[in-house]
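Working notes, beginning with the structure itself.
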Amino acid sequence: MSDSTVAATASGGSPKISKVSEAVIRIAGNSQDGIQAIGGFLARLAGRSEQDVMTFMTIPSTISGGPSIFQVRIGSGEVLSSGDEADVLLAFYQHSYENHIAFLKDSGVVLYDTSHVTPNPEWQKKYRHIGVPISELTIEAIGGTAKDKGKNIFALGLIARMFDLDVTKLERLVAERFRGKVATVAEMALTAFRGGYGHSTATLGELYQFTAPQKRDKEQVVMNGNEALAYGLLAAGVRFGSGYPITPWSDLMEMLRSELPKYGGTFVQAEDELAAVSIAMGASYAGHVAVTGSSGPGISLKGEAIGWAVMAEMPLVIVDVQRGGPSTGMPTNIEQSDLNIACYGGHGDCPRVVLAPASVEDCFYTAIEAVNLARRYSVPVIILTDQAISTRIEAFDMPDLKTVMQDLTPDLTPRADHKAYDLKAVDGVTRHAPPGTRIASGIYPVVTGLEHDEVGHPTSSPKLHMSMTAKRRRKLQALARTLPKPELFGAPEGDVLLVGWGSTKGSLYEAVENARAAGDSYSCLHLRNISPLPEGLEKIFDGFNHIFVVEVNDEGLYGYGQLAGLLRSRYCDPRIKGINKTDGLTWRVRDVLSSVKERLSVPKH
Amino acid sequence: MSTPIAEIERKPLTKKEIAADHPTWCPGCGDFSVLALYFKLIEKRKIWHEKITTVAGIGCSSRFPYFVQAHGAHYIHGRALPFATGVSLSRPDLHVFAFGGDGDAFSIGGNHFNHCARKNVKLTYLVMDNQVYGLTKKQTSPTSPIGFKSKTDQWGSMDEPVNPMRQALSAGATFVARTTHTNPKHLLEMMEAAMDHNGFSFIECLSECTEFFEGAFDASNPRKGGEFRDMPAGHDVTDEIAAYKAAAEPFPGHFGIFYKVNKPTKNEKEAEINRRSREKVQGLADWQILQQNFDRMK
């Protein structure tokens with residue numbers, strides 16, 4: 001609870017109230033306890049209260065149960081990461097208590113369920129302990145027998161009291177959440193909430209109040225990365241998709257399956273990954289821009305088809321929600337280890353577009369960008385998200401959907417002549433003419449994975465292979481020239497440049513802020529266009545003594561990760577070094593900074 | 001969206017207009033016959049150039065789209081059916097024809113065959129079965145008979161071959177027919193019936209590979225001393241058991257429609273889901289539908 005200033009002090013036995021600008025609350029329990037729901041409510045409330053918010057969660061890969069956490073950081077100012085340490089730990093079980101106490105700030109607060117947790121006397125000296133018989137009181141409050149039902153909402157009530165949250169708004173959120181279910185469920189939830197909220201403030205001791213947030217011009221929406229990406233695809237005009245279940249991509253697929261029919265679209269659950277990409281490809285061929293996606297091994301399986309899309313010059317959007325690999329790897333953990341397969345996967349010279357959204361809001365806009373690039377350049381576009389960003393909840397400005405919404409109805413306008421692979425096309429950029437398009441010349445295109453001539457008929461002519469290979473490359477070089485110069489966070493010159501990509505942006509920016517506050521001249525370059533890269537990065541690199549590419553992947557055989565490898569091969573700059581880790585979790589700000597310090601202290605060879 | 005030219009003024013396409021590259025097939029290949037009758041079908045049924053959608057995977061027979069002057073896709077090995085599924089489900093105005101060989105259909109693409117059949121996607125799949133891998137020069141195929149000597153089974157093929165009719169029936173195909181390249185009239189008849197079927201229509205067409213499995217189908221060819229046997233008179237095409245029995249007959253067996261039933265297609269079922277979903281958002285523009293979701297996430 002940084003910037004905490006005591007605004008009101010205790011008087012007449014009522015608890016002390018401290019003003020805080022932000023707070024990190026870690027909720028630890030089991031996955032079936034509905035701890036995500038508490039976090040979700042807190043996040044959504046923050047959004048409705050013009051606050052900034054970011055969450056972080058872990059999920060066990062078991063079907064039901066298993067320890068799980070949900071961390072929510074709420075701030076009246078900008079929140080860049082979900083927080084290294086928690087101000088409050090809400091522990092439902094002994095294991096939640098023991099495994100997560102280390103993440104608590106010194107003198108942080110442990111709010112625990114006395115029905116399940118026995119506090120450790122040593123820790124009681126270090127942290128403020130508040131024991132509430134959450135399970136028992138919940139049963140009392142709702143008069144239920146289902147022991148674990150409702151205790152999450154009871155706990156939400158406790159937190160609401162502790163942080164003096166807007167009860168009216170929270171109750172409305174709870175009611176909205178259970179709308180559509182039987183009335184008793186919503187009532188029970190509200191009763192549990194009020195039970196927690198009405199719990200004696202004497203037990204809670206010190207209370208907190210958020211400082212007033214900055215007034216915002218726009219309404220905020222609160223959602224996770226998967227939701228933002230799915231909505232982005234819908235806004236982009238995507239009306240067809242296909243996929244196969246695999247964690248953590250499945251959530252996105254399920255959303256598309258239920259949403260697309262409202263727009264007259266279809267999402268097909270395919271028999272396997274190969275069928276999924278192929279069904280989507282068929283729809284793209286038919287004139288749509290279709291979407292498919294996967295995670296982990298599913299991406300490997302789609303490889304051949306992605307190569308076909310490059311060769312046949314077919315627009316397609318492929319979402320890769322990265323997880324720990326290789327092989328089945330760690331399905332519910334975070335890793336940024338698919339950059340190589342996204343950029344280089346597949347045989348042959350196979351250039352394609354790779355984008356990596358940097359925040360939940362960016363997931364929405366990246367989806368639109370991906371669709372438009374796929375269409376404009378007739379090329380497969382891979383969106384690299386990961387387990388962290390896909391489940392992370394953030395608040396962002398409500399987009400102007402009326403302006404953003406695109407119509408991608410297949411264009412079947414008859415044409416005089418059409419060459420699917422016209423070598424004279426400017427920058428090698430051609431557009432696909434879907435079936436149904438009448439071509440007056442009577443010469444119709446075949447789209448193909450074989451090397452081909454301008455209308456798609458097979459050839460083994462070396463000259464044609466050379467010029468077609470160049471065409472497929474040139475159009476992406478042209479795309480690269482249109483990319484905006486990436487923003488540098490921090491000063492354009494300094495000692496250390498942190499380079500990152502994808503979901504780590506917030507942590508890296510916060511690392512830069514903290515380093516600068518400590519007097520170190522750090523800056524950050526965060527890339528969201530991975531392939532092709534934007535131009536001019538070497539000029540940015542020139543301003544710094546050290547360049548560290550921070551990634552959640554292995555340092556590889558030669559001491560640097562996957563983006564670092566790409567940048568090294570592009571810029572031949574030996575100063576590009578890697579800071580890597582493979583613990584399946586997001587980067588904590590202090591770990592980034594300590595890794596940099598460690599690397600700087602290594603004497604030069 | 002579609003062509004402004006009144007279709008009534010248009011003359012049926014001639015073979016000259018529909019033929020593209022000269023086929024790369026070997027002289028005497030059965031696939032020529034299928035191509036010729038596809039042209040005839042287009043001509044007879046007045047399918048316009050832009051509406052012809054020919055999809056294929058990989059193999060000799062899968063070269064098909066190059067020889068047709070129309071929209072075509074030469075996709076990857078074994079995946080013609082899912083690709084065609086994407087076209088069919090997203091473009092109800094097109095009738096999709098997928099062509100391939102026995103390797104494409106029953107080996108590398110075996111999974112897709114089963115699922116496309118059970119989903120009853122509206123499209124026609126014609127498999128030119130030559131019982132050998134021809135493009136890669138004589139390896140065993142999933143339909144090669146036991147004892148067939150190939151480069152990968154020098155001592156004769158040992159694995160039980162796939163029976164395409166039985167495979168299609170058990171997968172839930174709603175139209176299952178068998179024909180041969182040596183009986184053009186019958187082949188065209190089957191293609192027409194398949195095209196008219198509302199659902200997944202599958203034709204196995206025996207198509208001799210003169211290069212690597214010469215004489216494979218002589219027993220079904222009267223010109224080679226064999227016998228072409230139509231399905232027995234009175235065969236009930238809706239009788240699944242009768243279809244299985246016919247499928248179990250030893251080579252050369254019968255030719256004709258083994259099985260044909262009407263069941264709702266995946267296309268229709270998806271359209272129904274759409275209709276019901278659209279009812280709930282009646283009168284709203286796309287952006288307003290999305291706005292509803294965003295409003296719930298405030």
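The values are calculated or read from the model by the stated rules, or taken from the named source; none is laboratory data. Owing to the predicted nature of the structure, the values given are computational and were not obtained by experimental measurement. With ideal geometry, Cβ positions are generated from the backbone for all residues, glycine too; neighbour counts draw on all protein chains shown.
Miscellaneous remarks
- A:S242 being of a type in the set (S, T, Y) and in a strand (DSSP E or B): yes
- For the range A:85-96, the criterion of being of a type outside the set (D, E, K, R), in contact with a Lys or Arg (Cβ under 7 Å, 6 or more places away or on another chain), free of Cβ contacts under 8 Å to residues at least 60 places away in the same chain and closer than 16 Å to A:F163 by Cβ is satisfied by no residue at all.
- Only residues that are polar (S, T, N, Q) and either in a helix (DSSP H, G or I) or touching a Cys at 6+ places or on another chain (Cβ under 8 Å) (or both) were counted in the range A:384-428, giving 5.
- Checking B:E249, B:E240, B:E208 one by one, the residue that is out of contact with any strand residue (DSSP E or B) (no Cβ under 9 Å at 6 or more places or on another chain) and either hydrophobic (A, V, I, L, M, F, W, C) or assigned by TED's automatic domain parsing to the domain that holds B:T179 (or both) is B:E249 and no other.
- Some residue of the range A:197-210 being within 14 Å of chain B (Cβ to nearest Cβ), in contact (Cβ under 8 Å) with a residue 12 or more places away in the chain and surrounded by fewer than 21 Cβ atoms within 10 Å (Cβ to Cβ): no
- Looking only at residues of the range B:66-85 that are at the interface with chain A (Cβ under 7 Å from one of its Cβ atoms) and hydrophobic (A, V, I, L, M, F, W, C), we find that the one that is surrounded by the most Cβ atoms within 10 Å (Cβ to Cβ) is B:A84.
- One residue stands out in the range A:451-497 among those that are out of contact with any Phe, Trp or Tyr (no Cβ under 8 Å at 6 or more places or on another chain) and charged (D, E, K, R): the one that is surrounded by the most Cβ atoms within 10 Å (Cβ to Cβ), namely A:R472.
- One residue stands out among those in the range A:212-228 that are assigned to a helix (DSSP H, G or I) and of a type outside the set (D, E): the one that is nearest to the other protein chains (Cβ to nearest Cβ), which is A:A228.
- Subset of the range B:86-110 [at the interface with another protein chain (Cβ under 10 Å from one of its Cβ atoms), in contact (Cβ under 8 Å) with a residue 24 or more places away in the chain and in a helix (DSSP H, G or I)]: B:V87, B:S88, B:L89, B:I108
- Of all residues in the range A:586-605, those that are of a type in the set (S, T, N, Q), more than 17 Å from A:G559 (Cα to Cα) and in contact (Cβ under 8 Å) with a residue 24 or more places away in the chain total 1.
- Entirely in the range A:118-174, the helices (runs of 4 or more DSSP H) that have 2 or more residues that are in contact with a helix residue (DSSP H, G or I) (Cβ under 6 Å, 6 or more places away or on another chain), in contact (Cβ under 8 Å) with a residue 40 or more places away in the chain and under 27 Å from A:S49 (Cα atoms): A:151-162
- Test: residue in the range B:274-284 that is facing chain A (nearest Cβ under 9 Å) and either touching a Gly at 6+ places or on another chain (Cβ under 7 Å) or in contact (Cβ under 8 Å) with a residue 12 or more places away in the chain (or both): yes
- For the residues A:L204, A:L234, A:L256, the requirement of being under 29 Å from A:T58 (Cβ atoms) and modelled with pLDDT under 95 singles out A:L204.
- Selected residue (criterion: farthest from A:R392 (Cα to Cα)) from residues of the range A:493-522 that are among the small types (G, A, S) and within 25 Å of the chain's Cα centre (by Cα): A:A515
- Condition met for B:L206 (within 30 Å of B:R91 (Cα to Cα) and either within 20 Å of the chain's Cα centre (by Cα) or surrounded by 21 or more Cβ atoms within 10 Å (Cβ to Cβ) (or both)): no
- Residue match in the range B:3-14 (condition: facing another protein chain (nearest Cβ under 8 Å) and crowded, with 24+ Cβ neighbours inside 10 Å): no
- When the residues of the range A:97-108 are filtered to those that are touching a Lys or Arg at 6+ places or on another chain (Cβ under 7 Å) and touching a residue at least 60 places away in the same chain (Cβ under 8 Å), the one that is surrounded by the most Cβ atoms within 10 Å (Cβ to Cβ) is A:H100.
- Among the residues of the range A:282-306, those that are touching a residue at least 12 places away in the same chain (Cβ under 8 Å), in a helix (DSSP H, G or I) and either over 13 Å from A:V353 (Cα atoms) or at the interface with another protein chain (Cβ under 8 Å from one of its Cβ atoms) (or both) comprise A:A283, A:S284, A:Y285, A:P297, A:G298, A:I299, A:S300, A:L301, A:G303, A:E304, A:A305.
- Yes/no for B:A219 being in contact with a Pro (Cβ under 9 Å, 6 or more places away or on another chain), assigned by TED's automatic domain parsing to the domain that holds B:A173 and not in a loop (DSSP other than H, G, I, E, B): yes
- Some residue of the range A:415-429 being in contact (Cβ under 8 Å) with a residue 60 or more places away in the chain, away from every other protein chain (no Cβ under 11 Å) and either in contact with a Pro (Cβ under 7 Å, 6 or more places away or on another chain) or within 30 Å of B:H95 (Cβ to Cβ) (or both): yes
- Looking across the range B:217-247, the residues that are over 25 Å from B:F175 (Cβ atoms) and of a type in the set (G, A, S) come down to B:A219, B:G225, B:G226.
- Residue match in the range A:429-450 (condition: assigned to a helix (DSSP H, G or I) and at pLDDT 95 or above): no
- A:S258 meets each of the listed conditions (1) away from chain B (no Cβ under 14 Å); (2) surrounded by fewer than 20 Cβ atoms within 10 Å (Cβ to Cβ) apart from (1).
- Pick from the range A:271-281, criterion crowded, with 24+ Cβ neighbours inside 10 Å and at the interface with chain B (Cβ under 7 Å from one of its Cβ atoms), ranking: farthest from B:R278 (Cα to Cα): A:L274
- Some residue of the range B:252-268 being under 29 Å from B:C29 (Cα atoms), assigned to a loop (DSSP other than H, G, I, E, B) and touching a helix residue (DSSP H, G or I) at 6+ places or on another chain (Cβ under 6 Å): yes
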